[in-house]
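Peer 1: First, the structure itself, so that you have it in front of you.
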């Protein structure tokens, strides 16, 4: 294990907190509940953004930007949405500071600069966006509107954790407007698919797609679709959501369109989002006691090259070879860091790139140069291999693909192993308590039962999986009849 | 001129306001002083961001993200900076809303959720960032720190205009930390050069590089470098600034490092930024009475293809040719929109793409197909040419370069023509009043004179140009001796 990093088996939660800081991803700031995303962590976010943005554009969406502030009167217009977020709202009440008359080096809020109407810092942008769409939509010709926004949002949280739950976080929020219910439902499903493809193919993280129960739905949605992933400690993590909003926001903001027959109809809506929380998921599903493990497609550095040498002459020789290798790899689309910093020993560098989750490390020493070889270490398996210089680029390109797939498969096996079908309340409790993971069980479909199960076990219904087949059974808790299984788990 | 768009010569300010809305770039929102950046406007910002981000990375910078909120006690630590921004601060005082007991459909600020310390919504991030850097810097080995942030900031403005002056705007802010004064000064100059290269090569907008006078300096800076551009109405616009912050923030936040001899020294700082204001500049320096004129390097659509046809049969023939052309152009890196919407007439489309500033428009009709030609219209000159299908792609690639350069040259000529050297107070007043533009004049170096000139003419010192040679003279206002000319203008 890495120096100073607690083992996952000892204290998973502490391991996560330490790892985020030791891998230089993020840190707590001087502002309660807000994080600083450090360059290495932000580079992962940039890679996520670039890929998601591409996928959004390929599915016909455009980016735009809407105001940070939502006037209270707009915020409260959609009642359920307002109710759901009211308790977490940062509120701007004044627009000026002035010098403290009692202490000229200090500032106070100027009581004369009180806003007539308070401004909510957006916890989500449905209200401000639907108030805007009202001006954009007159006829069916103005539809669909397919817009995404990359932005910061604020939800006041009492207990925060880096990436997983912070008062301010970065995200994207898609907000679309449609002529028909069917179209909006298709959009909701399409964007959940985009998220699932992204988490699988880029994060190497398998997810279960499904519906949320009414209790777990987004405030203001008619239906919430979600992708749920499983972390190494057996707890689930909601990785993305896509909401079918029905006509709720159109009604709250009076957004109607003239259909082809000239009839006035309310517009149908969706919204969907993923956030910097995905970085937390990425960390917790792959990393180990030595540090981060990153899938090649999202790793800011894919290959680190470390020279092994004594004295300037040997270093000069290694430099020559290493720069050539670096150049070749870069030409093949691999991102490379050659670390010939003379102040650090190779052992320190090895540990450093393990901590940072760099997928492959190449070490080059005097003997390697003589033999025309290098040593390649894989971060995911911690195995090493001697590779001929000639085949190196092809080997690395191939290795990146192999690691990407291998991480996904390892995770999929873990999820399979940690998904348990139970048919009794005893087995349910026992599994949630000792084994963790997803528990597939019959549920009677009532909120009452759902909440009682949560009270008794802390497990919630993560989703009603899309691919769950109908099956007659009885609810594990109430014994009442049930038509299908749902997925329970303790969750982040 | 375009339908409904007022002429520049009639009312430049109104022309700008109308154009921003008619070209679908942005609009005012339901939130006082905040704008909605619409997809077409945001696409320009994305192009600007992509290029600037590349240039920042090429000069060794990394992106990171710091909190939106600055606790008041941190905000006030650097006194001049705090004083400079105090009057424009949006302040968060509460973290919860609750149902209005007198009206259950309304929300009120929960008085029990008052923050112990108020949070300022960042107007700029020096305070929060230097409070963070304190934890990152111990030794000279930790320096330099070269970080940029893409973010939203809020400066409460009483009079706002889309892009040019809004309460919330998008920008990037670089914040760097250095061992020596010399290094920090070099960084300040380097980033101003990056901005000048960007405005010239991408925006096709010539700028003058120079120093700000003490009056016009960034609050908390030792020196502010700027680039100043000239708009078509003869008013100047500050397009970007780069600040040498000395050790002011290091002292305010007690950020010291151990140098190579182990001695504790304060860190040297710079910060630099450009914002969505650049979109306002881009509009005002190139566009005409028909609408936007965009330089090809920043145009979201570089070529619009419009079919001219009667009936489905002709359309099918044109479609075939047009899709081929589109494909060829895209393969050559040109962004193309083929608009075969049957609901709009060609004339409407021509006006639309003129309004949107698409650099080139290709029209294809029946006769063109027979002759193996197309008609190409240039947006900047409004000229048309018949071009053979065979040479079309090469012609368009070349045309994009030509338009890019031509726009710059046209603007440079305009700036030259609108830069007047004056040596008397009468000529100064007369030039500012009637001709506008930059006025190069001797100034005695005192703030008193600067402010009196501003009071009398509304002209401010835009900058002391870098390339201004020393020259003995007398101040146009006071008659006192002066060592060099400075650049005056009325400004946005």
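Peer 1: Could you please find all residues in the range A:293-303 being touching a strand residue (DSSP E or B) at 6+ places or on another chain (Cβ under 6 Å) and buried (at least 24 other Cβ atoms within 10 Å of the Cβ)?
Peer 2: A:303
Peer 1: For the condition within 27 Å of residue B:159 (Cα to Cα) and buried (at least 20 other Cβ atoms within 10 Å of the Cβ), what is the one hit in B:124, B:132?
Peer 2: On inspection, the qualifying residue turns out to be B:124.
Peer 1: Hey, residue B:43 hits all of (1) surrounded by fewer than 19 Cβ atoms within 10 Å (Cβ to Cβ); (2) at pLDDT 95 or above but one; which does it fall short on?
Peer 2: All conditions pass for residue B:43, except number (1).
Peer 1: Report, by residue number, each residue of the range A:320-350 that is within 14 Å of chain B (Cβ to nearest Cβ) and either farther than 29 Å from residue B:142 by Cβ or in a loop (DSSP other than H, G, I, E, B) (or both).
Peer 2: A:335, A:341, A:342, A:343, A:344
Peer 1: Quick check: is even one residue across the range B:173-192 touching a residue at least 24 places away in the same chain (Cβ under 8 Å) and at the interface with chain A (Cβ under 10 Å from one of its Cβ atoms)?
Peer 2: no
Peer 1: How many of the residues making up the range B:314-330 are under 35 Å from the mean Cα position of the chain (by Cα) and either buried (at least 21 other Cβ atoms within 10 Å of the Cβ) or touching a residue at least 60 places away in the same chain (Cβ under 8 Å) (or both)?
Peer 2: Of the residues in that region, 3 qualify.
Peer 1: Turning to a different aspect of this structure: Output yes when any residue across the range B:112-119 is part of a strand (DSSP E or B), modelled with pLDDT of 95 or more, within 20 Å of residue A:41 (Cβ to Cβ) and touching a strand residue (DSSP E or B) at 6+ places or on another chain (Cβ under 6 Å), and no when none is.
Peer 2: No: zero hits.
Peer 1: Continuing with the same structure: Please return the ranges of helices (runs of 4 or more DSSP H) entirely within the range A:1-110 where 1 or more residues are under 18 Å from the mean Cα position of the chain (by Cα) and more than 7 Å from chain B (Cβ to nearest Cβ).
Peer 2: A:12-22, A:39-58
Peer 1: Kindly indicate whether any position in the range A:124-135 is in contact with a strand residue (DSSP E or B) (Cβ under 8 Å, 6 or more places away or on another chain), over 27 Å from residue B:65 (Cβ atoms) and not in a helix (DSSP H, G or I).
Peer 2: Taking every residue of the range A:124-135 in turn, none turns out to be in contact with a strand residue (DSSP E or B) (Cβ under 8 Å, 6 or more places away or on another chain), over 27 Å from residue B:65 (Cβ atoms) and not in a helix (DSSP H, G or I).
Peer 1: Also: Look at residue A:290 and say whether it is surrounded by fewer than 16 Cβ atoms within 10 Å (Cβ to Cβ), more than 14 Å from every other protein chain (Cβ to nearest Cβ) and either at pLDDT 95 or above or in contact with a strand residue (DSSP E or B) (Cβ under 8 Å, 6 or more places away or on another chain) (or both).
Peer 2: no
Peer 1: Another question about this same structure. Which ones in the range A:156-172 are more than 16 Å from the chain's Cα centre (by Cα) and within 12 Å of chain B (Cβ to nearest Cβ)?
Peer 2: A:156, A:157, A:158
Peer 1: Follow-up question, since we're still on this one. Taking residue B:210, is it surrounded by fewer than 24 Cβ atoms within 10 Å (Cβ to Cβ), modelled with pLDDT of 95 or more, assigned to a strand (DSSP E or B) and touching a strand residue (DSSP E or B) at 6+ places or on another chain (Cβ under 9 Å)?
Peer 2: yes
Peer 1: Can you name every residue in the range A:112-148 that is within 11 Å of another protein chain (Cβ to nearest Cβ) and farther than 25 Å from residue A:265 by Cβ?
Peer 2: Passing the criteria: A:113, A:114, A:115, A:116, A:117, A:118, A:119, A:120, A:121, A:122, A:123.
Peer 1: Can you confirm whether residue B:204 is outside any strand (DSSP E or B), buried (at least 18 other Cβ atoms within 10 Å of the Cβ) and more than 15 Å from the chain's Cα centre (by Cα)?
Peer 2: no
Peer 1: Take residue A:240 and tell me if it is touching a residue at least 24 places away in the same chain (Cβ under 8 Å), buried (at least 20 other Cβ atoms within 10 Å of the Cβ), touching a helix residue (DSSP H, G or I) at 6+ places or on another chain (Cβ under 8 Å) and not in a loop (DSSP other than H, G, I, E, B).
Peer 2: yes
Peer 1: For the range A:267-308, give me each residue that is in contact with a helix residue (DSSP H, G or I) (Cβ under 8 Å, 6 or more places away or on another chain) and part of a strand (DSSP E or B).
Peer 2: A:268, A:269, A:270, A:271, A:272, A:274, A:291, A:303, A:304, A:305, A:306, A:307
Peer 1: Output the qualifying pairs, or none if there are none: Cβ atoms under 7 angstrom, residues six or more apart or on different chains, first residue in the range A:466-480 and touching a residue at least 60 places away in the same chain (Cβ under 8 Å), second residue surrounded by 11 or more Cβ atoms within 10 Å (Cβ to Cβ).
Peer 2: A:466/A:209; A:466/A:210; A:468/A:484; A:468/A:485
Conditions (1) in contact with a helix residue (DSSP H, G or I) (Cβ under 8 Å, 6 or more places away or on another chain); (2) without any contact (Cβ under 8 Å) to a residue 40 or more places away in the chain; (3) surrounded by 18 or more Cβ atoms within 10 Å (Cβ to Cβ), marked per residue:
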position	(1), (2), (3)
A:394	no, yes, no
A:401	yes, no, no
A:406	no, yes, no
A:416	no, yes, no
A:425	no, no, no
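The values are calculated or read from the model by the stated rules, or taken from the named source; none is laboratory data. As the structure is a computational prediction, the values presented were derived from the model and not from experiment. Neighbour counts are summed over all protein chains in view; Cβ atoms, including those assigned to glycine, are modelled from backbone coordinates with ideal geometry.
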